[in-house]
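Engineer: Structure provided below as structure tokens; questions to follow.
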Amino acid sequence: MGNGHARKDSGVNRLIHEKSPYLLQHAENPVDWFPWGKEPFDKAKKEDKPIFLSIGYSTCHWCHVMAHESFEDEEVGRMLNEGFISIKVDREELPDVDMVYMAVCQAITLKGGWPLSIFMTPQGKPFYAGTYFPRSGRMGMVGFTDILSKIAAVWQSERGELLEASEKITLGIQPKPSSGFAVELGLETLQKGYDQLLQAFDPQWGGFGQAPKFPTPHNLTFLLRWHKRGNNAKALEMVERTLDAMRSGGIFDHIGFGFSRYSVDERWLVPHFEKMLYDQALLSIAYSEAYLATGMVRHGRVAAEILTYVLRDMTSPEGAFYTAEDADSEGKEGLFYVWTPPEVKEHLGKDLGELFCRFYDVGPHGNFEEGRSIPHLRMSLEDFAAHENMELEELEQVLEEARAKLFSARQRRVHPLKDDKVLTSWNGLMIAAMAKAYQALGDKAYVDAARKAVDFIRDKLWRPGPRLYRRYRDGEVAYPGYLDDYAFFVWGLIELYEATFVISYLEEAIGLNRVMIELFWDEAGGGFFYGGKDNEILIKRSKEIYDGAIPSSNSVAVLNLLRLASITGDEDLRKRAEQAAGVFSKRIKAYPSAYTHFLSALDFIIGPRREIVILGDRDQEMTTKMVETIHKEFFPNKTLLLRPEGEEGQRLTAIAPFVKKLDTVEERPTLYLCQEHAGQRPITGLAELNAALAQI
């Protein structure tokens, strides 16, 4: 199948043998696609052709549009097959490839996105880049067929210009050498980060910046820490305004729960409808922490709603978490999620249907395309109850009855595609989220789900060494893990230990953290490379620090190092965390609000931090009450350890030697609030514990 004719004979291309749902979406294209690997580069060298690299993901709307317009088109397929070697990459499977070539696109065009379209030499050096191209030129946008014709001609007649450009671009994206000194990061850096977020905050609709608006939950979790540090009321106000506005908007699925990727408007009304696992994880963490910080039940309820969606729709029978759900169904974006008044009344009847439509703004003219409406809240439940002259409890009951009926009806619609591959990194985030939600809300289903996901990764994605692998789907494990696979999974293990006190989770976190240092640490410059010793060597080695849609792998790794150093007393871990902070310090100091998860790590460094140690068996009533008391406290800069009697207690003291010198009082469960491993007066009662916590 080395050419387009072979593809036409079989009706499929090489991607039919892949496991990625994204690649399989393109398996019947007339394009003679290759998956990423040695073969297409060898073929490009042998046939003396440039390479066209297309990067996207299965739930990407504009990827679908370009696929339909161009990659499914016979003429485009002929042009690509005759003049190019074409490679298709799932960015979620090969994030290092995406990272390198996205840097190229941003350097050339000053913007990025998906689908990512790269033209490069057979050596992988890029000379032209862009994102979505229409098949034919329109509205000032150059057409994809015009680009193919031009590049094919220039490759034959003026190749020297392309090769020169490829060398310059490859050189231009290389990391800049360090100046050799770090700048100091401290409280003023946290203050500046807060000030920048305050300046970008939208006081009317919540969130930061203009449309499109992204949730960016780590902005909110940093602000909760800043509020905790100085009792800053405005920081808390920004968090609650944003969380409430998002929950009220169309970015939240009011029928089936869960959040979409982002909102195209400033009001959180019209989302890009795809649902990503990482958004559910990070947002549930933000709502859980807001519940702990404020005691407001509504925030905890939203965390529970998100996890209801994840457990119902995004969890495999074996307990792993799926990657994403698409925005499109039946060829239209959002069709699965939108309603008209007649549709609502068909399922709810006239009176309940009209009540539902009034509350959720499902009107005759619609608030979306083709007269359809995205359910969202125009006013609070309390205000609507007063407006309708109804008791609040009665209104809640009838609206929940309506929601359940519409959810049942919606289940009969054509569902968007579910990307059911399992990624170690995003599973790590959801394990952390489930463990934190269990601590905040006490629902055992969450901790059980986290444990099952850990078991799945142990069984399927963990190999001797130990080594983590990135992706599992349909019985196949692929790609050595990247930095985020290790860092995010270690984060999940730490949270799960603090939820359950099963010592093996802490031991595994420490062991995998050690492997992460061995594979990814930059011995010459400090900090962590994204690709490690097990990963493919590309034209650039990236170090990820920007906290974008997801916290960066370096930010998460640094906070893990600090927490594990606090537990173990291992000075090497603390020094590496501080060294990594130094490596990125100039960038962070210049614009700290772009690194808000790192600011949470910096908040931990600055302290004060506490090691909370409980001595007692987990099934003792007072031990359980002490644990629950700590779990219900918003206490971010802490580590929590439980030392039982017997073998597990001995395993803990082997990890955390400072715990060994602590004693119970009269053989009763005893708690110590330690600082820098120095235990304070032992606490044996809840009133005493609550009084001590109130002083912190």
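Any read-out appearing in this document is the output of simple, stated calculations on the displayed coordinates, not a laboratory observation. Note that the structure is predicted; figures quoted are calculated from it, not measured. Please note: Cβ atoms are built from the backbone with ideal geometry, for glycine as well, and neighbour counts cover all protein chains shown.
Engineer: Can you give me the P(r) profile for region 86-180? Cα pairs, bins 5 angstrom wide beginning at 0, each as a whole percent.
Structural biologist: Cα pair-distance distribution for region 86-180, in percent: 2, 12, 21, 23, 21, 13, 5, 2, 1, 0.
Engineer: Using alpha carbon coordinates only, what is the Rg to Rh ratio of region 4-172, with Rh defined as the Kirkwood radius?
Structural biologist: Details: Rg = 14.7 Å, Rh = 15.9 Å.
Looking at region 4-172, the ratio lands at 0.93.
Engineer: Please compute the modelled spin-label separation between V477 and A445, points set 7 Å along Cα→Cβ, answer in nm with one decimal.
Structural biologist: Label at A445, label at V477, 3.1 nm between them.
Engineer: Sticking with this structure for a sec: Does anyone have the angle between helix 38-47 and the longest principal axis of the chain? Alpha-carbon axes, 0 to 90°, nearest 10?
Structural biologist: 20 degrees
Engineer: How tilted is helix 392-410 with respect to the longest principal axis of the chain? Cα atoms for both, answer in degrees (0 to 90, nearest 10).
Structural biologist: It is inclined by approximately 30 degrees.
Engineer: Cut-off under 16 Å on the C-alpha distance; same-chain residues fewer than 8 positions from K418 excluded. Which lysines are left, in chain and number order?
Structural biologist: Filter leaves K19, K275, K332.
Engineer: Highest mean first, what order results for 575-581, 625-631 on Cβ atoms within 10 Å?
Structural biologist: On the way: 575-581: 20.0, 625-631: 18.0.
So the order, starting with the most tightly packed, is 575-581, 625-631.
Engineer: Oh, and also: Using Cα-Cα distances under 8 Å and only pairs 6 or more residues apart, what relative contact order does the chain have, in percent? Working shown, then result.
Structural biologist: Numbers: 1286 pairs, mean separation 74.1, N = 696.
Normalised by residue count, the contact order of the chain is 11 percent.
Engineer: Taking 0.36 nm per residue of separation and subtracting the Cα-Cα distance, what length does fully extending Q397 through S316 add? Walk me through the intermediate numbers first.
Structural biologist: Details: separation 81, 0.36 × 81 = 29.16 nm, distance 3.10 nm.
Length gained, Q397 through S316: 26.1 nm.
Engineer: So how much slack lies between D617 and R514, counting 0.36 nm per residue of separation and subtracting their Cα-Cα distance, in nm?
Structural biologist: Numbers: separation 103, 0.36 × 103 = 37.08 nm, distance 2.92 nm.
In short, 34.2 nm is gained.
Engineer: Sort 239-249, 295-305, 105-115, 659-669 by packing, meaning the average of other beta carbons within 10 Å per residue, with the highest value first.
Structural biologist: 239-249, 295-305, 105-115, 659-669
Engineer: For the chain, list the cysteines whose Cβ sits under 4.7 Å from no other cysteine Cβ?
Structural biologist: Among the cysteines of the chain, those whose Cβ sits 4.7 Å or more from every other are C105, C357, C674.
Engineer: What distance in nm lies between label points placed 7 Å from Cα along the C-beta direction at E346 and K168?
Structural biologist: In this crude spin-label approximation the distance works out to 5.9 nm.
Engineer: Next question, about the same structure. Nearest 10 degrees, 0 to 90: what angle lies between the long axis of helix 187-200 and the longest principal axis of the chain (Cα atoms)?
Structural biologist: On a 0 to 90 degree scale, this one is about 60.
Engineer: For H387 and E645, compute 0.36 nm times the residue count separating them, minus their Cα-Cα distance, and round to one decimal in nm. Before the final figure, lay out the partial values.
Structural biologist: Values: separation 258, 0.36 × 258 = 92.88 nm, distance 5.91 nm.
Here the segment from H387 to E645 would lengthen by 87.0 nm.
Engineer: Which net charge results for the neighbourhood of T340, defined as the other residues with beta-carbon distances under 12 angstrom from its beta-carbon, given Lys and Arg at +1 and Asp and Glu at -1? Before the final figure, lay out the partial values.
Structural biologist: On the way: positive: K345, R372; negative: E343, E346, E369, E370.
Here the count lands on -2.
Engineer: Using a cut-off of 14 Å between beta-carbons, work out the net charge of the residues near S553 (Lys and Arg +1, Asp and Glu -1, S553 not included). Numbers along the way, then the final one.
Structural biologist: Numbers: positive: R470, R541, K543; negative: D96, D98, D484, D485, D522, E544, D547.
After counting each charged neighbour, the total is -4.
Engineer: Set the Förster radius R0 to 60 Å, insert the Cβ-Cβ distance between T624 and V154 as r into 1/(1 + (r/R0)^6), and round the FRET efficiency to 0.05. Kindly include the intermediate steps, with their values, before the conclusion.
Structural biologist: On the way: r = 72 Å, r/R0 = 1.19.
Given R0 = 60 Å and the Cβ-Cβ separation, E is 0.25.
Engineer: Separate question: So which lysines can K150 reach, going by Cα to Cα under 16 Å and dropping same-chain residues fewer than 8 places off?
Structural biologist: K49
Engineer: What net charge is computed for the residues neighbouring Y309, neighbours being all others with C-beta under 12 Å from the C-beta of Y309, Lys and Arg scored +1, Asp and Glu -1?
Structural biologist: On the way: positive: K275, R312; negative: D253, D279, E305, D313, E325.
With Lys, Arg at +1 and Asp, Glu at -1, the neighbours total -3.
Engineer: For region 610-694, compute Rh as the Kirkwood radius over C-alpha pairs and then the Stokes-Einstein diffusion coefficient at 4 °C and 1.567 mPa s; write the answer in µm²/s, rounded to an integer.
Structural biologist: Numbers: Rh = 12.8 Å.
The diffusion coefficient I find is 101 µm²/s.
Engineer: Given the C-alpha centroids of region 216-271 and region 123-176, what is the distance between them in whole angstrom?
Structural biologist: 40 Å
Engineer: Extending each Cα 7 Å along its Cβ direction at D42 and I537, get the distance between those two points in nm, one decimal.
Structural biologist: Reported label-point gap for D42 and I537 is 1.8 nm.
Engineer: If the reach is capped at under 13 angstrom between alpha carbons, list the aspartates and glutamates near K460, excluding any in the same chain fewer than eight residues apart.
Structural biologist: Within the straight-line cut-off, K460 pairs with E318, D474, E476.
Engineer: Follow-up question, since we're still on this one. Taking only C-alpha pairs under 8 Å that are 6+ residues apart, what is the relative contact order of region 207-255 in percent? Write down the numbers at each step before the final one.
Structural biologist: Working: 21 pairs, mean separation 14.9, N = 49.
Once divided by the residue count of region 207-255, the mean separation gives 30 percent.
Engineer: Pop the C-beta distance of S380 and H415 into the FRET formula with R0 = 30 Å and round what comes out to the nearest 0.05. Write out the running numbers ahead of the final one.
Structural biologist: Values: r = 31 Å, r/R0 = 1.04.
Taking R0 as 30 Å, the efficiency between S380 and H415 is 0.45.
Engineer: Additional query: Based only on Cα atoms, what Rg/Rh ratio does the chain have, Rh being taken as Kirkwood's radius? All intermediate terms of the calculation are to be shown ahead of the outcome.
Structural biologist: On the way: Rg = 26.5 Å, Rh = 27.0 Å.
Expressed as Rg/Rh, it is 0.98.
Engineer: Give the calculated FRET efficiency between A691 and S408 to the nearest 0.05, with a Förster radius of 45 Å applied to their Cβ-Cβ distance. Could you put the intermediate results ahead of the total?
Structural biologist: Working: r = 50 Å, r/R0 = 1.11.
Result of the calculation: an efficiency of 0.35.
Engineer: Ok, one more. Rounded to whole Å, give me the distance from the Cα center of region 417-456 to that of region 318-371.
Structural biologist: Measuring centre to centre over Cα atoms gives 28 Å.
Engineer: Determine the relative contact order of region 335-415: mean sequence separation of Cα pairs under 8 Å and six or more apart, normalised by residue count, in whole percent. Intermediate results must be reported in sequence, preceding the final value.
Structural biologist: Details: 85 pairs, mean separation 25.6, N = 81.
Averaging sequence separation for qualifying contacts and normalising by length gives 32 percent for region 335-415.
Engineer: Helix-only estimate, please: 222 nm mean residue ellipticity of the chain, summing -39500 (n - 2.57) across DSSP H runs of length 4 or more and dividing by its residues, to the nearest 500. List each step's numbers first, then the result.
Structural biologist: Details: 27 runs with 353 residues, N = 696.
Rounded to the nearest 500, it is -16000 deg cm²/dmol.
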